[in-house]
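Participant: First, the structure itself, so that you have it in front of you.
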Amino acid sequence: MPILTVGELAFALKRTVEDAFGRVRLRGEISGFKRHTSGHCYFRLKDMDAAIEAVLFRGSAGKLTIKPEDGMEVIATGRVTTYPGRSQYQIIVDTVELAGQGALLKLIEDRRKRLEAEGLFDADRKRDLPFLPEVIGVVTSPTGAVIRDILHRLADRLPRHVLVWPVLVQGDGAAEQVARAIKGFNALEPGGAVPRPDLLIVARGGGSLEDLMAFNEEVVIRAAAESQIPLISAVGHETDTTLIDFASDRRAPTPTAAAEMAVPVRAELLGQVMDDGARLVRSYSRMIGDRAERLTALARVMGDPQRMLEDFAQRLDDRWERLRLAGDGMFARIGSKIAEAAAALRPQRLFVLLEQRDERLEGVGQRLATAGGRALSDAERHVAQLGKLLDSYSHKSILERGFALVVGADGYLVASAADAKAGDGVTLRFHDGERAAVIDGAPVASSGAEKKAVAPKPIKPKPPAGSGNQGSLL
Amino acid sequence: MAKPASTDTDISPDIAALSFEDALGELEKIVGDLERGKVKLDDAIAAYTRGAQLKRHCEMKLAAAKAKVEKIVVRPDGSVSAEESELN
């Protein structure tokens, strides 16, 4: 028998184990899970009969979809090998999935994807929760902490009318009951004997994946998605997610949280209403006050109409008075002007004027008389001179030289012998007087000297012979 | 108009039909309008009256809030009824 070193044996064993088993899938419970600072994880997989050390290297650990922890029943896939340094065999794990649930989870995930593709989880299917529901329908087990938690929290915040639709929440038929309850609430007529809720809560307490499985069932998911009444899902604990959470309008992490989502707090609402009421009164009064103030201010600016009228009346009186005074003044002025004018109309002035005229006339008369007298005496002298001159040229001077004028009875000179008819009375005018004579009739031998006694020039031109004759006839 | 003048205590039917949320929302809008002073005086009186009714309606809605828990009973024929429950 050859002698082997420990190492030779160990490596021989290692090869043998690896060759014999290669990759395996091991089911067991995780215990002693430790994550080294290097990132590698070390734990032990065990079952009732045995245990095997397991190593999960960092690269594989990062790819896991679950977070391994003690007590977790898993199926680990890896290769079996040995660790010669410690004389132990182990498994180098590259994937870990939940044992028993692994297939279940895959089924759930596949279902989720299918229903999601169908549009059941679309965001636009989500309904807003009512602000203050009157009636809340709760689908849950009538026993247990869940319904009590919900009712208590509702009572604390705002007591409501709650309709509990009792259902099995796990086990056979649970899913069908939950789906039927959701549909049943939706089927209630508004105003019917049983009031139709305006909000639904589908609730269940925490549990294993299998326990919660009813809320992953398609029938429940479809009922929740089709509910016309807004629906809150509250299944399991905060870390648990079931497919109904995707189909509901809101997901609550716990049943208590669902109650909080369902109703506001009454005290807060009352406070808000009271506050609004106070603001209403305050703002209204302030508004009225403001208006009144503005009105008063405007009225002040506008003034009292009575006073305004009085003002006008006073102004009218004033104007009237001034008009009256002005009229009086005007008449007075006109009157005084007339009086003035009348005063100016004195006859004395006319008399004075007349006297002045008289005086002037007198003056002129005197001057005229003086001048006239002078002119007359001058004229007289002149006339006398002229007379003398005339005398010097008159027939008288000739008469003085011995001639006489024969004047007919008619006063006319008898300048022709023919005119001196026998028997005619004539007058002989001498330079110193006259003498009557009668023509004796016989013509005398012409003697020039005697004949010259008859003036060649009559004093008056003798009228034509005919007229003289006629005149005598008259 | 023979319609009697409404008072604060008479809640008009259209307000009585309002949900709490709608009533509260309208009340807050009225208060906001009044506070901004954007309301005519005549409208303000109507707004105030309505606001007072809305407030009262909201108060009554809250005052009327009383816990009532009933359990649904499904009869064999599928019909549904509710009965008082002492769940809490």
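The values are calculated or read from the model by the stated rules, or taken from the named source; none is laboratory data. The model shown is predicted, which means the values in this text are computed figures rather than measured ones. Methodologically, a virtual Cβ is constructed for each residue, glycine included, from the backbone with ideal geometry; neighbour enumeration extends over all protein chains shown. In case anyone asks, the SASA skips ligands and DNA or RNA and just uses the protein heavy atoms, side chains included. Shrake-Rupley method; radii C 1.70, N 1.55, O 1.52, S 1.80 Å.
Participant: Mind listing the phi-derived Karplus ³J(HN,Hα) values for region B:14-23, rounded to whole Hz, using 6.51, -1.76 and 1.60 with θ = phi - 60°, and x for any glycine or proline?
Facilitator: Whole-Hz 3J(HN,Hα) from phi for region B:14-23: 5, 6, 4, 7, 6, 6, 4, 5, 5, 5.
Participant: Right, here's the next one. Beta carbons within 10 angstrom, averaged per residue: use that to sort the peptides A:352-364, A:171-183, A:31-43, highest first.
Facilitator: A:171-183, A:31-43, A:352-364
Participant: Restricting to DSSP H runs of at least four residues, report the calculated mean residue ellipticity at 222 nm for chain A, -39500 (n - 2.57) per run over all residues, nearest 500 deg cm²/dmol.
Facilitator: -16000 deg cm²/dmol
Participant: Output the 0 to 90 degree angle, nearest 10, between the alpha-carbon long axis of helix A:347-393 and the longest principal axis computed from the alpha carbons of chain A.
Facilitator: With rounding to tens, the tilt is 40 degrees.
Participant: Any idea what Rg and Dmax come out to for chain B if you just take the C-alpha atoms, in Å?
Facilitator: Over chain B's Cα set, Rg and Dmax evaluate to 19.8, 63 Å.
Participant: Longer than 24 Å from Cα to Cα, which of B:Lys38/B:Lys61; A:Lys14/A:Lys46; B:Lys40/B:Lys61 are they? Say none if no pair is.
Facilitator: In this structure, B:Lys38/B:Lys61; B:Lys40/B:Lys61 exceed 24 Å between Cα atoms.
Participant: Sticking with this one: If each residue of separation counts as 0.36 nm, what is the full-extension length gain between A:Arg148 and A:Glu293 once their alpha-carbon separation is subtracted?
Facilitator: Stretched out fully, the A:Arg148 to A:Glu293 stretch lengthens by 46.3 nm.
Participant: Quick one: which residues, 5+ away or cross-chain, put their amide H under 5 Å from the amide H of A:Ser141? H built at 1.01 Å from N.
Facilitator: A:Val167
Participant: Can you give me the solvent accessible area of A:Thr254 with a 1.4 Å probe, rounded to the nearest 10 Å²?
Facilitator: Around 50 Å² of this residue is reachable by solvent.
Participant: Would you pull out the residues with amide H under 5 Å of A:Leu413's amide H, same chain only if 5 or more places away, H placed 1.01 Å from N?
Facilitator: So A:Leu413 has HN proximity to A:Gly408, A:Ile459, A:Lys460.
Participant: Relative contact order for chain A: what is it in percent, counting Cα pairs under 8 Å that are at least 6 residues apart?
Facilitator: Answer for chain A is 8 percent.
Participant: Please go through the residue pairs B:Lys29/B:Lys68; A:Lys126/B:Lys66; A:Lys183/B:Lys68; A:Lys183/B:Lys29; A:Lys183/B:Lys66 and name each one whose alpha carbons sit more than 31 Å apart in this structure.
Facilitator: With Cα atoms farther than 31 Å apart: B:Lys29/B:Lys68; A:Lys183/B:Lys29.
Participant: Related question: Counting pairs of alpha carbon atoms under 8 Å apart in space and at least six apart in sequence, what relative contact order in percent does region A:220-290 give?
Facilitator: 24 percent
Participant: Would you kindly derive the ³J(HN,Hα) couplings of region A:229-245 from the backbone phi angles with the Karplus curve 6.51 cos²θ - 1.76 cosθ + 1.60 (θ = phi - 60°), listing them in order in whole Hz, with x for Gly and Pro?
Facilitator: Computed from phi, the couplings for region A:229-245 are 8, x, 10, 10, 9, 9, 10, x, 8, 4, 7, 7, 10, 10, 5, 4, 5 Hz.
Participant: About its Cα centre, how strong a charge dipole does region A:6-99 have in debye, to the nearest 20, once Lys and Arg get +1 and Asp and Glu get -1 at the Cβ?
Facilitator: Magnitude of the dipole: close to 320 debye.
Participant: Another question, then. Roughly what % of DSSP beta bridges within region A:120-264 run antiparallel, to the nearest 5?
Facilitator: Given both bridge residues lie in region A:120-264, the antiparallel proportion sits at roughly 0 percent.
Participant: While we're here: When the Cα atoms of the protein assembly as shown are enclosed in a convex hull and the volume is divided per residue, what value in Å³ results?
Facilitator: 730 Å³
Participant: How many nm separate the modelled label positions at A:Ala20 and A:Phe331, each set 7 Å beyond the Cα in the direction of the Cβ?
Facilitator: Taking the simple label geometry, A:Ala20 and A:Phe331 are separated by 15.9 nm.
Participant: Where in region A:175-196 does the amide nitrogen come within less than 16 Å of the point 7 Å from the Cα of B:Ala17, taken along Cα to Cβ?
Facilitator: A:191
Participant: What's the center-to-center distance, using Cα atoms, between region A:365-379 and region B:16-88 in Å?
Facilitator: Value for the Cα centre distance between the two parts: 146 Å.
Participant: Further question: Identify, among A:Gly289, A:Gly71, A:Val220, the residue whose Cα sits farthest towards the positive end of the charge dipole of chain A, taking +1 on the Cβ of Lys and Arg and -1 on the Cβ of Asp and Glu, with the dipole about the Cα centre.
Facilitator: Farthest towards the positive end: A:Gly289.
Participant: Let me ask another. Quick check: the distance between the Cα centres of region A:125-158 and region A:224-284, to the nearest angstrom?
Facilitator: 9 Å
Participant: Among A:Ile338, A:Leu323, A:Val263, which residue has its Cα positioned farthest towards the positive end of the charge dipole of region A:256-341, with +1 placed on the Cβ of Lys and Arg, -1 on the Cβ of Asp and Glu, and the dipole taken about the Cα centre?
Facilitator: A:Ile338
Participant: Next up: State, in angstrom, two size descriptors of region A:6-99 derived from its alpha carbons: Rg to one decimal place and Dmax to the nearest whole number.
Facilitator: In order Rg, Dmax, the Cα atoms of region A:6-99 give 13.2, 40 Å.
Participant: Helix A:305-344 versus the longest principal axis of chain A: what is the Cα-based angle in degrees, 0 to 90, to the nearest 10?
Facilitator: 10 degrees
Participant: Over chain B, what is the mean sequence separation of C-alpha contacts under 8 Å (at least six apart), divided by residue count, expressed as relative contact order in percent?
Facilitator: About 29 percent, as a whole number.
Participant: While we're on this one: Report, to the nearest whole %, how much of the accessible area of the protein assembly as shown belongs to carbon and sulfur atoms, 1.4 Å probe, protein only.
Facilitator: Exposed carbon and sulfur together represent 57 percent of the surface.
Participant: Given labels modelled 7 Å from the Cα in the Cβ direction, how far is it in nm from A:Arg374 to A:Arg86?
Facilitator: Taking the simple label geometry, A:Arg374 and A:Arg86 are separated by 19.0 nm.
Participant: Give me a comma-separated list of calculated 3J(HN,Hα) values for region A:140-157, in order, Karplus coefficients 6.51, -1.76, 1.60 applied at θ = phi - 60°, integers in Hz, x for any Gly or Pro.
Facilitator: 6, 6, x, 10, x, 6, 4, 5, 5, 4, 5, 5, 5, 5, 5, 5, 5, 8
Participant: Identify the residues of region B:64-80 with backbone N under 18 Å of a label point that sits 7 angstrom from the Cα of A:Ala267 along the Cα-to-Cβ direction, or state none.
Facilitator: B:64-67, by backbone N distance to the label point.
Participant: Still on this structure, I have one more. For a quick check: with amide H placed at 1.01 Å from N, whose amide H comes under 5 Å from B:Val69's, ignoring anything fewer than 5 positions away on the same chain?
Facilitator: Counting only residues 5 or more places away or on other chains, the set is A:Val162, B:Ser85.
Participant: What percent antiparallel are the DSSP beta bridges of chain A, to the nearest 5?
Facilitator: The antiparallel fraction comes to roughly 65 percent.
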